[in-house]
1. Measuring with a 1.4 Å probe in the full set of protein chains, what accessible area per residue, in whole Å², belongs to the chain?
2. Nearest 20 debye, what's the magnitude of the dipole of the chain about its Cα centre given +1 on Lys and Arg Cβ and -1 on Asp and Glu Cβ?
3. Loop-only GluC sites (Glu not before Pro) in region 111-217, please: DSSP not H, G, I, E or B, and at most 12 other Cβ atoms within 10 Å.
4. Between 0 and 90 degrees, rounded to the nearest ten: what's the tilt of helix 420-429 against the longest Cα principal axis of the chain?
5. Roughly how many whole Å is it from the C-alpha centroid of region 348-404 to that of region 178-198?
6. So how long is each side of the chain along the principal axes, counting just the alpha-carbon atoms, biggest first, in Å?
7. If I model region 253-437 as equal point scatterers sitting on the Cα atoms and use the Debye formula, what is log10 I(q)/I(0) at q = 0.10, 0.12, 0.13, 0.17 Å⁻¹?
8. Kindly provide the trypsin sites (Lys or Arg not before Pro) of region 443-487 that DSSP labels as loop, not H, G, I, E or B, and whose Cβ sees at most 16 other Cβ atoms within 10 Å.
Amino acid sequence: MVQTYLNYVGGRWQPARSGAVFESVDPATGEVLGVCARSGAEDVADAVAAAKEAFPKWRKVPAPRRAEVLFRAAELLVRRKEELAQLMTREMGKVLLESRGDVQEAIDMTYFIAGEGRRLHGYTTPSEMPHKAAYCVRQPVGVVGVITPWNFPLAIPSWKIVPALVCGNTVVFKPAPEVPICAVKFVEILEEAGLPPGVLNLVLGGDETGAALVDHPDVALISFTGSTEVGLQVAEKCAARGKRVSLEMGGKNAAIVMDDADLDLVADALTWSAFGTSGQRCTACSRVLVHPKVHGDVADLLVDRARRLRLGHGLDPQTDMGPLVSQAQLERVERYVRIGREEGAAVLVGGERAVGDGLERGFFFRPTVFDRVDPRMRIAQEEIFGPVTDLIRVDSLEEAVEVVNGVRYGLSASIFTRDIHKAMRAVEDIHTGIVYVNHGTIGAEVHLPFGGTKFTGNGHREGGLQVLEVFTEWKSVYIDYSGRLQRAQIDLQPVSLG
Ligand code: NAD
């Protein structure tokens, strides 16, 4: 019997008004895991109305008390980590080790941001006037629409929902249609932790559901993570409707390998960065920029590692790499591999679907390394979001930095070198939101700002304390206790200080 998963609106679990549903499917086997409410604009309107009603009360709950709910949620996540990780692997395919990491990231984020309930600092500052106090405080924004992708089914929602809630906002959450059950479990945990009805609402569904949330006039802020194509559409709509919007979008991340690099470290780090989560991380390494002196060695090492990766179901402890998330994603990767071949790049390993041993039942693609890639090729410019990486020759650090920066994205980059001068110059000149030295392009930590430059984002950051800027607005307060009219300096002639 396949279980049904419902929306959560105003503290009640309920089906879509139309009764429409969609299936959540194991991408490794095609097994149907659940049948889920497919929400229309009317369900979104119900959820927004519930969030709007809950907002005046929730914003008045003292922040340390709001945080207590979140600390309890973190404890529940810890207790249920293994169960959630197994579900995640079944629902989106990544191997169990990585799913555990995803849950861990949600735990870390929840503890970290819940701590802000006792800080949420503003500041005081001297006034221009005597007998006048001046300070500023953070205010919640209102109803927040949270729209998320499928590749980090708990981590990414936690990056948005937890800070939104600690700051006193109420939320309508629209997860990706590939991972609805993980979203239901996350909301159940926050419900069990004691969130009052209406403070967090869940509408399951696809792109139309997300579009309805963006359109709704009572949503004050959209926090979106997903592709650049969709993010830009969301931003346009938000601009026209006067909404705030925070965007985390695509990447085309690069690692530079200089001729003095530790090549075993390079092989370990880049195999993990390029093929972990089957290359479906926004920070995945899809370009390896190599000095000619070590180009052959790096190519051999990466090809050897790629060949040795065992493909299979993510729950099997022998598996190194799971499937892609969907048929659409598989076709996208196949299309880009075709484009790369047509552009004249050479496939050193992989380049095809994986079949045999039952792999044909799922969306498996072999880890792929392209060589002879020109930085201007489409495979070196566009986000593929699969287990494909490009080898690009660069003759100098200057050329490498130029190639790293020569794409429209700016999320993550890294450099492998033993030379501190080269490392520091790369850190200085690379135009991305995240830079690593002697490490791959993945593996961010929650207490540092996360996000990218150029078409990767719109200037906001998640993670770190910077995330509070997204979910709060500033209120400046002046209290005049002089008992007379004191005009501000802009309204007066300059006063003599003598
Ligand atoms: P996507 O853009 O297709 O979808 C993201 C979310 O937006 C989904 O919930 C989807 O249903 C919704 N959506 C789609 N069309 C919409 C519309 N018109 N209006 C409102 N909502 C809409 O992305 P995806 O395939 O789920 O995820 C992969 C992408 O996410 C990649 O580009 C990856 O780089 C990016 N990503 C970025 C980060 C980051 O932090 N920068 C993190 C993870 C993933």
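The values are calculated or read from the model by the stated rules, or taken from the named source; none is laboratory data. Since this is a predicted model, take the numbers as computed values, not measurements. Positions of Cβ are generated from backbone atoms using ideal geometry, with glycine treated the same way; all protein chains shown enter the neighbour counts. When the accessible area is computed, the model is the full protein with side chains, heavy atoms only, and any ligands, DNA or RNA have been set aside. Shrake-Rupley method; radii C 1.70, N 1.55, O 1.52, S 1.80 Å.
1. Value returned for the chain: 42 Å² of accessible area per residue.
2. For the chain, the charge dipole is close to 1560 debye.
3. none
4. 60
5. About 37 Å separates the Cα centre of region 348-404 from the one of region 178-198.
6. If we take the Cα atoms of the chain, the spans are 79, 71, 40 Å.
7. Ignoring solvent entirely, the Cα scatterers give -0.36, -0.52, -0.61, -1.03.
8. Those that pass, being in a loop and sparsely packed, are 484, 487.
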